[in-house]
1. Could you tell me which of the residues 67, 50 is in contact with a Phe, Trp or Tyr (Cβ under 7 Å, 6 or more places away or on another chain), surrounded by fewer than 17 Cβ atoms within 10 Å (Cβ to Cβ), among the aliphatic types (A, V, I, L, M) and farther than 22 Å from residue 345 by Cα?
2. Could you tell me which residue of segment 96-144 is nearest to ligand 5 (Cβ to nearest atom), considering only residues that are in contact (Cβ under 8 Å) with a residue 40 or more places away in the chain and of a type in the set (Val, Ile, Thr)?
3. Looking at the structure I just gave you, is residue 19 open to solvent by 50 Å² or more (accessible area, probe 1.4 Å), of a type in the set (A, V, I, L, M, F, W, C) and either at pLDDT 95 or above or in a strand (DSSP E or B) (or both)?
4. Of all the residues that make up segment 172-203, how many are away from ligand 2 (no atom under 14 Å from the Cβ), closer than 25 Å to residue 247 by Cα and in contact (Cβ under 8 Å) with a residue 24 or more places away in the chain?
5. Inspect segment 347-367 for any residue being at positive phi and open to solvent by 20 Å² or more (accessible area, probe 1.4 Å) and give the result as yes or no.
6. Contact list please: Cβ distance under 6 Å, first residue in segment 326-354 and under 14 Å from residue 132 (Cβ atoms), second residue within 15 Å of ligand 2 (Cβ to nearest atom) and of a type in the set (Lys, Arg), pairs at least six apart or on different chains.
7. Could you grab the pairs with beta carbons closer than 6 Å, sequence gap of 6+ or different chains, first residue in segment 220-241 and assigned to a loop (DSSP other than H, G, I, E, B), second one β-branched (Val, Ile, Thr)?
8. Quick one: is residue 137 at pLDDT below 95, part of a loop (DSSP other than H, G, I, E, B) and not small (Gly, Ala, Ser)?
Amino acid sequence: ADLTVQDVLRMAKENNVKFIRLQFTDMFGILKNVAITEKQLEKALNNELMFDGSSIEGYVRIEESDMYLRPDPNTFVIYPWTQGEGAEARLICDIYNPDGTPFEGDPRYILKRATQKALDMGYTLNVGPECEFFLFHTDSEGVPTIKTHDKAGYFDMAPVDLGENARRDMVINLEKMGFEVEASHHELAPGQHEIGFKYSEAISAADNIMTFRYVVRVIAQRHGLHASFMPKPVFGIAGSGMHTNMSLSTVDGTNAFYDENGKDGLSQAAYYFMGGIFKHIKGMAAITNPTVNSYKRLVPGYEAPVYIAWSGKNRSPLIRVPAKRGASTRVELRNPDPSCNPYFTMAAALQAGLEGIEKKINPPEPTNVNIYEMTPEERTEAGIDNLPGNLFEAILELEKDDFIKKAMGDHVHPLYLEAKKLEWHNFASRVHQWEVDEYLTKF
Ligand code: ADP
Ligand code: MG
Ligand code: MG
Ligand code: MG
Ligand code: MG
């Protein structure tokens, strides 16, 4: 249901809302907010609130720093854990220039541009994310550690531990905020969890991911734990992914990836969509896997993808097409991780998929054997390429991919590449503990 400005003002009053966070997302997928009191809410909803854009990374230069926040009334939600006296609510905002045009550096706008393109072609993108995260203990001073205490494994019925309690509380709060939680379980690694919620149209799915990360961290903190979406916090155990399930639907709401007469029940559009993603997957890596640490997850042995292949049969490849057909027909992109900017990830995947449809790009043949058991020669023979091996390789791939750069827009891609190069340089020029352990006494 669409909420009007009047609805929001009424709901805020009825629920004793005293503080409102006006939220948006920076280039690096970090949630930003401008906090206001209920007295300023009406002004904010009339799009009259300004903020200094030059204080946000990847936004604007000092000399053009005044930006307008346009709250999306449909995103009004009261944080359930603040309910009572002095409740706190949030609104997700679009960013506008002083001249009333949308700001090109706003990730939400960049995704909207992609969804508009899809709409022009008769499609809506639906996205169902599976966010994994770790719950760690904090030390006596409250500083996060990488220690977990639990012994529960995947789907185990372990005695209730701190992590389980926290996760249950997260689910309860998310549901109060309107999330339809579909799966909530312990993951492979100690201290690792997954909460999956029902798919929705792309913009709301990306908004939901940002909200989800915030709620998980707040609730963890209330349980004395630290929730981390870092892709690979601990060497030797599984990292955290953000499998991104995607399908297109047509205007009448039918799943455009399903065709009972198509090969394996998939439509031509589904194959072309995959074809487009395969074409750009390397260029997209700096977006889907944007940190130095992202590439510590993308190694063999942990169910994370390493090779560029797809399958309907096994779980290891980059794209899996789950067996379900009908309304659940979808492709599951398995390389994105929860350190990514979800607006950019969806914008890039959607633009690439649509290009596949427009240009009738076929995906490679499916790989239905365990790719990790193939020799490098067998993989070369089968035409299976690797994802970039580190952030630097990913940066070079993005630099080469004009299409993905265009999907990010002229404002964002130069700033993004510059920032990512600096991030790589900061990492690569430092001497890490591993090097000291390995070389100090050897040489
Ligand atoms: P897995 O089997 O990989 O663990 P999950 O059951 O954890 O998958 O998550 C599947 C996700 O796919 C959920 O978010 C679900 O809502 C979503 N999904 C289901 N149907 C569609 C669809 N047609 N389009 C996009 N996402 C979908
Ligand atoms: Mg899952
Ligand atoms: Mg499942
Ligand atoms: Mg999982
Ligand atoms: Mg999955």
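1. Only one candidate qualifies: 50.
2. 127
3. It is true that residue 19 is open to solvent by 50 Å² or more (accessible area, probe 1.4 Å), of a type in the set (A, V, I, L, M, F, W, C) and either at pLDDT 95 or above or in a strand (DSSP E or B) (or both).
4. Residues that pass the stated criteria total 8.
5. Yes, segment 347-367 has at least one match.
6. Once the first residue is under 14 Å from residue 132 (Cβ atoms) and sits in segment 326-354, its partners that are within 15 Å of ligand 2 (Cβ to nearest atom) and of a type in the set (Lys, Arg) give 332/320.
7. 233/146; 234/146
8. When the stated conditions are applied, residue 137 does not pass them.
The values are calculated or read from the model by the stated rules, or taken from the named source; none is laboratory data. Quick caveat: nothing in here was measured; it's all calculated off a predicted structure. Cβ coordinates were reconstructed from backbone atoms using ideal geometry, including for glycine residues, and neighbour counts include every protein chain displayed. These accessible areas exclude ligands, DNA and RNA; they are computed on the full protein's heavy atoms, side chains included. Shrake-Rupley method; radii C 1.70, N 1.55, O 1.52, S 1.80 Å.
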